[in-house]
Structure formats: structure tokens, C-alpha cells
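Down below is the structure, laid out as C-alpha cells.
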Amino acid sequence: MSSIQNETLNPPRTGRRGRALIDHVAAIIRSGAVFLLLLALIVGFTAAQPAFININNLMSILQAVSVVAILGAGVTVTLAVGGFDLSIGAIAASSVMAASYAMIVLGLDALVTVPLVLAFGALVGLINAFAIVRLKVPDLLATLSMMFLLSGLQLIPTAGRSISAGLILPDGSTASGIFDPRFLLIGRYSIAGTVPVSVILMVLAAIFLHVLTERTRVGRLLFATGGNEVATRLAGASTTRLKTLAYVISGTLASLGGIIIAARVGRGDVSSGGSLLMDAVAASLIGFTVMGLRRPNVLGTIVGAVFIGVLLNGLTMLNAPYYTQDFVKGAVLAGALALTYGLGKAQQ
């Protein structure tokens, strides 16, 4: 056998080791692309503006992204079953108005308002599920119609006005209620003067959903439904119940996000929730790239929301024009996806 044939059949060990090293480095970059970009952002923003790394600013970032993270977690659960919930932004906005109306107009307190609004979100999720599962309406169309329905419905009780103390009702009377101080604590109080309540709620929601989706049989069935619904049904699981559960969770989380917004701003703003849908979707998609999982995952969504929050906060501190923020956000998202999927493709 010639030396050329021998080298062809048996490549040098150094070549194999070099290739293995390259593959290993590529795998690390692919699985940690978001973390590497996040670290680069933190270092860059801190170098440009040292106040960025201040603990109060970091908590401010977490507080700002808590609602997006909670809504994104809801989107993630619907993605797990092969669906998609376009109505989460409208549910959150409607929940802001519903909570404000309950206290300002109906005179209810926080102990009644919070469960009532959460039940409202769960009901909307149930209606979405009924349209998708029973009526066989495609998920995008069902949730899109719900989005438009809620966007209009939230304006009817007050004739399009924002809700605050002293609201003039359509019949000419004046609302006499006020925001319950205990309700406002949800959006404004910080434990030990450092950790906002909204951040605690975000962490609790993330832990609960992570355990549900990654550590339980129900979670495995949710992903199985999204992967192959027919096979999951033939295996004896009720895909109808699983999809219903996913949309009810999504609606309830969206209402929780609306409650936090209402408690933070102390009024029912008709313009609230405008960008929540896109930011929540972006966070859930960035979650696909975390640890190279390439699938919906709740912890990845939380990381995605924090990633977006760090980016926007840093740009704001550097006085970047507001009209450039969406462009930068899209460019960084594209970069993270390219690192995750592009390196994986190159290795195949």
C-alpha cells in the first residue's frame, strides 16, 4: 500500500484532533451564543457608562423585563404544543383596563380584583383553545381574531378613555373608586428596598413553568404534542387537554403581566401593551438559542427577555436615538440565531 493510500484511509491523528477541537469550540459557541453576546453587551455598556453595572440599574432592568418575560413564558408554552398565541399583548392590555375598571368604577379591592383578572385571562385562553381544538380554527387566525376583539372590547366601557381616579363615565357620572394601595405594591414595592415584587413574580413563574415543562410527564407530553400530535394521541394522551392547558396558561400569564403594568403605572392606559407582543415573541425565539436546545424552553425565554432588557437599557443610557433601537434589537437577534443555527449547519 502506498503512503498516499495509507494517509487517505488513516488520516493523521493530529488532523483528527484538530478537527475535534474545532467541533468542540463550535459547540461551545453555539450553545452559549446568547450568553457570550450578553456578556459582551454588559462589558461594552459598562465601559461606556460605568453606572450601567450599578445594582439599582440592574434591578431596574429586571423590573422592566419582568412583564415581557412572563408573557414570553406563555408564548413558549403554546409553542411547545405546536401553536402560537398572538393575543397575549391584547390580553395583557385588557387586563390593565379590567383591573383599573374593577377598582376605579366598581370599587373592588385588590383581594377581589387580582383573582378576577387572572380568571379573565384564563377564560380568554380557554376560548382560544376551544376555537383551535374544537372548531379547528388555525391557531394564528384564532388568536389574531381574539387580539382584535379584545383591542376593541377594552375601549367600550369607558368610551375609549384611560381609567384613573375621577374618571368621567359615558353616562356623565364620575367614578368614585381609587386604586387599592395593596394592589399598587405589586408593581412598586421592592423587598428589602432592592428586589421588586414583579421580579419575584417573574422568577416564581419561571421556576413553576420550568419544572412543569422539563421535569414532569405533562411537560413531556406538551412537547410530544408539538412534535407529533397524531403519535401522541395514539400513545393515549389527550392532545385536546394538553393544548387547552397551554392556552389557559398563556392567557393567565398575560393577565398577570397586565396586573403588574396596572400596579406600576396606577392607571388604565388605553395604549398599554402596544409592544408587548413583539418583545415577548422575540424573547421566546431568543430562548431557542440558549444552550443550543433549538426548541421552546422557559429558562431560555427568561434569558432572552433579560438580553433584550440589557440591550435597550444600555442603548438608552448611551442616548441612542429611539428609532434605532428596533434595528439594533433585530440585528443582535439575527446574530444570535446565526451563531446557533449557522455553526450547527457547518458541523453537519
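Values quoted throughout were computed directly from the atomic coordinates according to the rules given, and no laboratory measurement underlies them. In this text the structure is predicted, and so the values were computed from the model without any measurement. All Cβ positions, glycine included, derive from the backbone under ideal geometry; neighbour counts span all protein chains shown.
Using R0 = 45 Å, the C-beta based FRET efficiency linking Ile168 and Val43 works out to 0.30.
With a cut-off of 14 Å between beta carbons, the residues surrounding Arg134 carry a summed charge of +2, where Lys and Arg count +1 and Asp and Glu -1.
If the elastic network links every pair of Cα atoms under 10 Å, which of Tyr323, Tyr247, Tyr189 fluctuates the most in the Gaussian network model of the chain? Maximum among the listed residues: Tyr323. Amide H contacts of Ile163 (H built 1.01 Å from N, in plane; Pro and chain starts excluded): Gly268, Asp269, Val270 sit under 5 Å, all sequence-distant by 5 or more or on other chains.
From least to most packed, judged by other beta carbons within 10 angstrom and beginning with the fewest, Phe179, Phe307 follow the order Phe179, Phe307. Short-range pairs are left out: with C-alpha atoms under 8 Å and at least six residues apart, the relative contact order of region 162-309 is 23 percent.
Normalised by residue number, the volume inside the convex hull of the Cα atoms of region 56-137 is 117 Å³ per residue. Taken as Cα centroids, region 239-272 and region 161-201 sit 16 Å apart, rounded to the nearest whole angstrom.
With a simple spin-label model that places each label point 7 Å from the Cα along the Cα-to-Cβ direction, the separation between Val218 and Phe130 comes to 2.1 nm. In order along region 99-110, the phi-based Karplus estimate (6.51 cos²θ - 1.76 cosθ + 1.60, θ = phi - 60°) of 3J(HN,Hα) comes to 5, 5, 5, 4, 8, 6, 8, 8, x, 7, 9, 5 Hz; Gly and Pro are listed as x. Compared with the direct C-alpha span, the chain from Thr240 to Asn57 gains 61.5 nm at full extension, assuming 0.36 nm per residue. Working from the Cα coordinates of the chain, the gyration tensor eigenvalues give, after taking √(5λ), semi-axes of 42, 27, 16 Å in decreasing order. With neighbour counts taken as other beta-carbon atoms within 10 Å, the residues Ile178, Ile261 rank, fewest first, as Ile178, Ile261. Mean sequence separation of contacting Cα pairs (under 8 Å, at least six apart), scaled by the length of the chain, corresponds to a relative contact order of 34 percent. Using the Karplus relation 6.51 cos²θ - 1.76 cosθ + 1.60 with θ = phi - 60°, the per-residue 3J(HN,Hα) values for region 113-123 come to 5, 4, x, 5, 5, 4, 5, 4, x, 5, 5 Hz, with x marking Gly and Pro.
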